[in-house]
Amino acid sequence: MDITNRFLKYTQFDTQSAEESTSVPSTSKQLVFARFLYEELKHEGLEDVTLDDKGYIYATLPSNTNEKVPVIGFISHYDTSPDCSGADIKPRIVNNYSGSDIELSEGIILSPNKFPELLQHVGEDLIVTDGHTLLGADDKAGIAEIVQAMVYLKEHKEIKHGIIRVAFNPDEEIGMGAHYFDVEKFGCEWAYTMDGGDIGELEFENFNAASAKITIKGMSVHPGYAKDKMLNASLLAAEFASLMPSDERPETTEGYQGFYHLTGMQTQTEQAKMSYIIRDHSREKFEARKRFIYDVVRQMNEKYGEGTVSVEVTDQYYNMKEKIDPQMHVIDLVLKAMQEVGIAPKVKPIRGGTDGAQLSFKGLPCPNIFAGGLNFHGPYEFVPIQSMEKAMQVIVKICELTSEYNH
C-alpha cells in the first residue's frame, strides 16, 4: 500500500477528541481507530505491538545491525481537533495543482488569495476536504508517514538501522496526549513527533503555557433599588479584560512574542467566570506574565473589596528547548537527514505546544518534525502528497543516520 492510500484510509475514522470529557481516551470512537492501527501494525510485521486500556499503541521494528545503536522513536497522535467535525470526511485529490482557486463544495473555495501557502505547492498533488469537515492530516499524515517508513525499512534490508520504536496516542488536541504516555515502556534515548506543518519544518522551541481561571463575585440587587448596592460581575469582567495589555493578544503577536488570550467568559450580575491562557517562549517572561495576572486580581480587590476576584493559575507545559539544548545531536541528525533527501530545513519556534514538549520534560527529548499538512483544524486543511512522501523519507534517513551515530 502506498502512503496516499494509507492516509486516505485513516481519514475514514472519526477520531475527534472532546475537551470536557473525563474519560481516557476522551472519546470512545478514538479506540475504534486505535484497534485498527494495532491490527495494521501486526499485519505489517512490526513486533511487540501493544494497545493499552487508555488507547496508547506501541510497536517495535527490530534492529538489523550488530552495531550498538541508540534506540530511537517516532510518535504521532490519532485524535483530531474538537474545533471542526471529523466525521464523514470526503477527501479529494487535486492532481498537479495549477495555483488557481479550488472549489471544495458549492460556494466553499480554497483560494491562494486567502491561503497564499498554496502557491508553494503548485505542480503537486493536494489532498483536500469537501469544505464541511477537517481533513485529519493533523496528525494522521504523521501516522501514515511513520507506518510507511517502517514498511519501507522492512522491505529494504540494505538500509541498516537500530531498534526503532513507534507510538500512537489519543487526545493530543486537548493537551492530554503525553499524560499517560509510558516513557519507560517506550524505552528510547530520544524520539521525534511527526506533527509539524509544512515541508521542512523542524521545531524544538515552544511556548511555556499556563491557564488562568478567574472568578468574580458580584452582588445582585433589584435594578430599581440598586443605588450603592449592586456590584455587577459582568461589568467587572469587562473591566478586568480592559486591564490586560491590548497589544499582547494572539491577534497582535508573532514569532517569539508571548500573549494573554481570553478563551471564554460566562457572566451574570451575580457571578462571572473568565478563562485565559498565558503563553511565552521565555521562562522569565512567562513567570512575569503569571505575576501580572495576580497583580490585576489584587488591583481589582483593592478597588471592590477582598475576595471579589479570585484566580487559579495552572502550568500546562514548558519550552522543550531547555531539554533539547544539551543534546543537540538529536537536531543535527534531522538537519542532515533533510539535507540528504533534498529538503531545505525551516527551523522555527512553535507558537503552541506538542506532546513532544511534555515528553521532553518526562525524560524523552522529543523535537517536532513536519508532517506536511496546512490549515489545520478546519475545512480548508490540505496536505500535499509529495510532502508526506518527503516526511517518510526523512524518517528513513534518520533511522539510517542513527545507525552511524557514535555517542
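Sub-8 Å Cβ pairs linking a first residue in region 288-306 that is in the same structural domain as Lys213 (by TED's automatic domain parsing) and in contact (Cβ under 8 Å) with a residue 60 or more places away in the chain to a second residue that is charged (D, E, K, R) and in a helix (DSSP H, G or I), at least 6 apart or interchain, are Met300/Glu239, ordered by first then second residue. Looking across region 7-26 at every residue that is in contact (Cβ under 8 Å) with a residue 12 or more places away in the chain and outside any loop (DSSP other than H, G, I, E, B), the one that is nearest to Asp88 (Cα to Cα) is identified as Thr11.
The residues of region 206-223 that are more than 26 Å from Asn301 (Cα to Cα) and over 13 Å from the mean Cα position of the chain (by Cα) amount to a single one, Asn208. Any residue at all in region 345-358 that's more than 22 Å from Gly177 (Cβ to Cβ), in the same structural domain as Gly73 (by TED's automatic domain parsing) and of a type in the set (Lys, Arg)? Looking for residues that are more than 22 Å from Gly177 (Cβ to Cβ), in the same structural domain as Gly73 (by TED's automatic domain parsing) and of a type in the set (Lys, Arg), one finds at least one in region 345-358, hence yes. Regarding region 74-97, can at least one residue be identified that is more than 27 Å from Gln386 (Cα to Cα), among the basic types (Lys, Arg) and either at pLDDT 95 or above or assigned to a loop (DSSP other than H, G, I, E, B) (or both)? No, region 74-97 has no match at all.
Any residue that is modelled with pLDDT of 95 or more, of a type in the set (A, V, I, L, M), more than 28 Å from Pro384 (Cα to Cα) and touching a strand residue (DSSP E or B) at 6+ places or on another chain (Cβ under 9 Å) - is there at least one of those in region 28-39? No, the conditions are met nowhere in region 28-39.
Taking region 174-197 as the search range and keeping residues that are under 18 Å from Phe376 (Cα atoms) and aliphatic (A, V, I, L, M), which one is surrounded by the most Cβ atoms within 10 Å (Cβ to Cβ)? Here the answer is Met194.
The values are calculated or read from the model by the stated rules, or taken from the named source; none is laboratory data. Just so you know, these numbers come straight off a predicted model, no measurement behind them. Here Cβ is always computed from backbone atoms with ideal geometry, including for glycine, and neighbour counts include all displayed protein chains.
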